[in-house]
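Inspection log for the structure reproduced underneath, given as structure tokens.
The values are calculated or read from the model by the stated rules, or taken from the named source; none is laboratory data. For clarity, every value in this text was computed on a predicted model and none was experimentally measured. Note: ideal-geometry Cβ built from the backbone for every residue, glycine included; neighbour counts use all protein chains shown. To get the accessible areas, we keep the full protein, side chains included, count just its heavy atoms, and leave off ligands, DNA and RNA. Shrake-Rupley method; radii C 1.70, N 1.55, O 1.52, S 1.80 Å.
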Amino acid sequence: QVQLVESGGGLVQAGGSLRLSCAASRSIFSLNLMGWYRQAPGKQREVVALNSNGGTTNYADSVKGRFTISSDNAKNTVYLQMNSLKPEDTAVYYCNAVWIVRDYWGQGTQVTVSS
């Protein structure tokens, strides 16, 4: 089992920044993949950024150059630094981990970007 707890969401003006955190209940070295997804009202959940335990990162085209995924192995925590935020980034952001071919999800954290 893997428990994931997100934090760091909130309300920010367009052009601002936020950093999301996702604390995992087990060593992130043991996880095959960690990442961030988001779901806006009326839309499907979409991938934002992925980080494999081999060090490969991938980003959605819509966030490239603005968002950065990183990790602190000592704290078993993955971060999503979000800069130059846009109103279209408004969504609930979910942390995801893959461990032994099973997906685990956090409870989600709301990010609202005002224009």
Over the stretch 59-87, the set of residues free of Cβ contacts under 8 Å to residues at least 12 places away in the same chain and not small (G, A, S) is Y59, D61, K64, D72
Considering the stretch 87-107 alone, what residues qualify as being open to solvent by less than 80 Å² (accessible area, probe 1.4 Å) and out of contact with any strand residue (DSSP E or B) (no Cβ under 6 Å at 6 or more places or on another chain)? W99
Could you look through the stretch 42-83, keep only residues that are assigned to a loop (DSSP other than H, G, I, E, B) and surrounded by 14 or more Cβ atoms within 10 Å (Cβ to Cβ), and pick out the one that is modelled with the lowest pLDDT? N53
Matching residues in the stretch 19-41 - criterion: being farther than 21 Å from N76 by Cβ and open to solvent by 20 Å² or more (accessible area, probe 1.4 Å): Q39, A40, P41
Mind counting the residues in the stretch 22-41 that are touching a Leu at 6+ places or on another chain (Cβ under 8 Å) and assigned to a loop (DSSP other than H, G, I, E, B)? 1
Kindly indicate whether M82 is in contact with a strand residue (DSSP E or B) (Cβ under 9 Å, 6 or more places away or on another chain) and either closer than 17 Å to V5 by Cα or charged (D, E, K, R) (or both). no
